Amino acid sequence: MKITITRPDDWHLHLRDDDAMAAVVAHSAERFARAIVMPNLKPPVTTTEMAIAYRQRILSSLPADTRFEPLMTLYMTDLLDSEEIISAKQSGIVKGVKLYPAGATTNSDAGVTDIQKLYPVLETMQRETLPLLIHAEVTDSDVDVFDRERVFIDRHLVALSRSFPELPMVFEHVTTKEAVDFVRESQGRTAATITVQHLMYNRNAMLAGAIRPHFFCLPILKRNSHQQALIEAATSGDPRFFLGTDSAPHPQHTKECASGCAGCYTADSAIELYAEIFEQAGSLDKLEGFSSFFGADFYGLPRNKSSITLEKQPWVVPQSYPFGKDQVIPLAAGKQLQWRLVD
Ligand code: NCD
Ligand code: ZN
């Protein structure tokens, strides 16, 4: 059995830089036409000029005869101003601004400390129609790590969407039923990305019987009832939910250690994994909208003209891939997958 769908896009991707990027970018380019590239480099991509240079490095690291369009983002800091927003919009290559609460996740030290102070910048983004991409977790040490997304909704998102009803906002990598409900009930222009790992797994996969660091990402995997709410949202055909892998490669030794970092690597098998999830939910017919249409429509970009074909032919995901001087372990390492990407 084969299915052919319009070539998908990845609306949330970490590509890193230099050798690490060169090692992983082909996995995304084989599957996806475009990707929203996250700006959390060290130092972060905070200006249009830096985004233009980063985009050039991505294009240069692509294997010859690969077509892949990186859609760039700026990293919001307390110092971001409206002038930068205007030049970002005018550049034509910057498609969004990423809000990381300071300290929320990998490389987010330079993130925002007080969202209220950035309201003038958000006004400009709303006027220019430049989407705000949100890592929606509070960072307060007194808030339980499993509650940080839910608390962010109450403390910040409700007010944000009320204050900026015309600002396109992406609630990135939603992980809870509360997040799904918020997006569904929102009056504003709010959408959400959903990752492979949050559809495939719940926290048992990471913690039951043994601690499995390759399942550790942020926002952290939640309990099964949340996983079910995400599957329901992704496979419902609701255009406010679309594909964003949040594929976030880290060297093996920085995940398999006493203080391991957050991020799952899924770029090597992402669309195959989504296909498996949609098939299991009896909704394979909804895969194309989720993967190839709704994100492009939300960002006001044309849908892709080319297509990909997946064949029902089991294959086993490699245990690791070279990653600069290191190795990266994919989320699905050693797992037998049902769908194979046909060249
Ligand atoms: C991301 C990373 O490694 O850059 N990690 C993650 O767990 N998702 C950062 C992020 O998007 O939160
Ligand atoms: Zn991310």
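The values are calculated or read from the model by the stated rules, or taken from the named source; none is laboratory data. Predicted, not measured: the structure shown is a model, and the values here were computed from it. Note that each Cβ is placed from the backbone with ideal geometry, even for glycine, and that neighbours are counted across all protein chains shown. These accessible areas exclude ligands, DNA and RNA; they are computed on the full protein's heavy atoms, side chains included. Shrake-Rupley method; radii C 1.70, N 1.55, O 1.52, S 1.80 Å.
When the solvent-accessible area of the chain is split by element, carbon and sulfur atoms take up 49 percent of it, the probe being 1.4 Å. Rolling a 1.4 Å probe across the protein heavy atoms gives segment 251-304 an accessible surface of 36 Å² per residue. Across the chain, the volume of the C-alpha convex hull divided among the residues equals 127 Å³ per residue. Shown for the chain are no DSSP H helices, since none reaches 30 Å along its axis, judged by Cα atoms, with a mean Kyte-Doolittle hydropathy of at least -1.0.
Bridgeable aspartates and glutamates around Lys325 (alpha carbons under 18 Å apart, same-chain partners fewer than 8 residues away excluded): Asp17, Asp18, Asp19, Glu256. The residues of segment 152-214 expose, per residue, 40 Å² of accessible area to a 1.4 Å probe. Per-residue Karplus couplings for segment 305-317, computed as 6.51 cos²θ - 1.76 cosθ + 1.60 with θ equal to phi - 60°, are listed in order as 8, 7, 9, 10, 10, 10, 10, 6, 7, x, 8, 10, 5 Hz, Gly and Pro entered as x. Checking every one of the trypsin sites (Lys or Arg not before Pro) in segment 302-343 against DSSP loop status and a limit of 10 other Cβ atoms within 10 Å picks out Lys305, Lys325. Between Glu311 and Phe146, residue separation times 0.36 nm minus the direct Cα-Cα distance comes to 55.7 nm. GNM remark for the chain: springs join alpha carbons under 10 Å apart, and the peak mean-square fluctuation among Ile52, Ile36, Ile220 falls on Ile52.
Share of pairwise Cα-Cα distances greater than 13 Å in segment 56-100 is 61 percent (whole percent).
Listed cross-link partners Lys42/Lys305; Lys42/Lys335; Lys89/Lys305; Lys2/Lys95; Lys177/Lys286; Lys177/Lys312 are compared with a 27 Å cut-off, the Cα-Cα value being larger for Lys42/Lys305; Lys42/Lys335; Lys2/Lys95; Lys177/Lys312.
Rounded, prolate or oblate: which one fits segment 58-155, using the alpha carbon gyration tensor with axes a ≥ b ≥ c (rounded when a/c is under 1.5, else prolate when a/b beats b/c, else oblate)? Here segment 58-155 falls in the oblate category.
Name the GluC sites (Glu not before Pro) in segment 164-211 that are in a loop by DSSP and that have at most 16 other C-beta atoms within 10 Å, would you? Here the GluC sites (Glu not before Pro) that fit, given the DSSP loop and packing criteria, are Glu166.
The trypsin sites (Lys or Arg not before Pro) of segment 15-69 that meet both conditions, a loop assignment by DSSP and at most 13 other Cβ atoms within 10 Å of the site Cβ, are Arg67. Based on DSSP, what percent of beta bridges with both residues in the chain are antiparallel, to the nearest 5? Percent antiparallel among DSSP bridges in the chain is about 35.
Using the 1.4 Å probe convention, the accessible area of segment 38-87 works out to 51 Å² per residue with neighbouring protein chains retained.
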